[in-house]
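All remarks here apply to the structure that follows.
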Amino acid sequence: MRVVQLGEGDASVAVVGSIHGDEPCGRDGIEAVLADPPAVEEPVKFVVANEEALAAGERYLDTDLNRAFPGNPDSESHEERLATDLTAELQGCTVLALHSTQSYGGLFALVDDVTPTVRNICPRLSVDAVVRTAGANEGRIFSSLPETIEVECGYQGSPEAAENAERVIREFLAATGVTDDPAPVVAASLPVFQLGGPIPKDGATEYEVFARNFESISAGEPIAAADGETVYAEEAFYPVLLSAEGYENVFGYRATHIGELD
Ligand SMILES: [Zn+2]
């Protein structure tokens with residue numbers, strides 16, 4: 001874990017990247033900001049979390065770090081120990097955690113709940129949607145650090161994801177008052193979805209998806225297929241994190257539209 005601070009004193013704002021070692025956009029976005037650092041009014045910490053998994057080019061060495069919180073300092077698992085260290089490092093901070101996916105080229109936020117912090121910050125980030133994950137946070141960073149906003153920055157390993165990460169870090173620093181840049185509201189209205197159950201995926205050699213993330217799908221419409229076997233929607237919902245190859249056992253998740261931030 002690499003920690004760099006801008007500004008003096010105890011930081012109450014932090015940016016963490018590369019919790020997953022196969023998502024270099026977080027590290028790259030942080031390094032781009034540190035290479036051209038903004039003038040800061042308040043201290044801010046930057047953390048490149050899973051350096052060992054990054055070096056290995058793997059999502060994790062022993063355990064998915066974003067399923068390992070609050071962690072265990074005595075564990076044999078690298079990520080269980082790292083989760084403890086990250087929790088201690090970031091305790092009390094408003095945190096931006098950078099991720100990337102195989103499901104969506106744009107940016108969207110994941111939050112535990114729609115708190116005043118989320119209401120204030122998310123409309124000032126270049127995100128297309130906010131996904132509330134309350135009820136599905138076992139082992140996630142939210143279970144230790146609820147004042148975290150995760151942002152999915154685009155496709156894993158793409159140069160766009162790294163550029164998006166840098167942009168959203170600078171927007172977050174403005175929105176939290178770390179910098180005195182203007183922090184305009186980016187979108188007039190930002191849809192909020194509640195994360196629901198998984199869309200199961202059977203073992204197969206070829207997968208396809210037919211639905212699009214954050215676009216409503218009606219009962220009876222095809223969602224995806226495994227080796228030509230089509231999965232249909234049993235009821236209307238909004239797909240989230242939907243991709244052909246992103247996860248081993250699920251195509252993605254069902255979500256419901258629960259409101260708008262404006
Ligand atoms: Zn991730």
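Values as computed for the structure displayed
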read-out: Contact order normalised by residue count of region 1-92, Cα under 8 Å, 6+ apart, percent; value: 30 percent
read-out: Separation between Cα centres of region 1-71 and region 125-193, rounded to whole Å; value: 14 Å
read-out: Probe 1.4 Å - accessible area at V114, Å² to nearest ten; value: 30 Å²
read-out: The chain - percent of accessible surface contributed by carbon and sulfur, probe 1.4 Å; value: 44 percent
read-out: Chain lengthening between A32 and S126 when straightened (0.36 nm per residue, less Cα-Cα); value: 32.1 nm
read-out: Antiparallel bridges, percent of DSSP beta bridges restricted to the chain (to nearest 5); value: 55 percent
read-out: Qualifying trypsin sites (Lys or Arg not before Pro) in region 161-262, DSSP loop, other Cβ atoms within 10 Å at most 15; value: R212
read-out: Solvent-accessible surface ranking, highest first, for E80, E248 at 1.4 angstrom; value: E248, E80
read-out: Of the GluC sites (Glu not before Pro) in region 138-230, those whose Cβ has at most 15 other Cβ within 10 Å and which sit in DSSP loop; value: E138, E206, E215
read-out: For the chain: accessible area per residue (Å², 1.4 Å); value: 44 Å²
read-out: Karplus (6.51, -1.76, 1.60) ³J(HN,Hα), θ = phi - 60°, over region 194-211, in Hz, Gly and Pro reported as x; value: 9, 5, x, x, x, 9, x, 10, 7, x, 7, 9, 10, 10, 9, 10, 10, 8
read-out: Rounded to the nearest 10 Å², the accessible area of C93 at probe 1.4 Å; value: 10 Å²
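The values are calculated or read from the model by the stated rules, or taken from the named source; none is laboratory data. Being a predicted model, the structure only gives us computed values, none of them experimental. Don't worry about glycine lacking a Cβ; one is built from the backbone with ideal geometry, like all the others, and counts go over all protein chains shown. When the accessible area is computed, the model is the full protein with side chains, heavy atoms only, and any ligands, DNA or RNA have been set aside. Shrake-Rupley method; radii C 1.70, N 1.55, O 1.52, S 1.80 Å.
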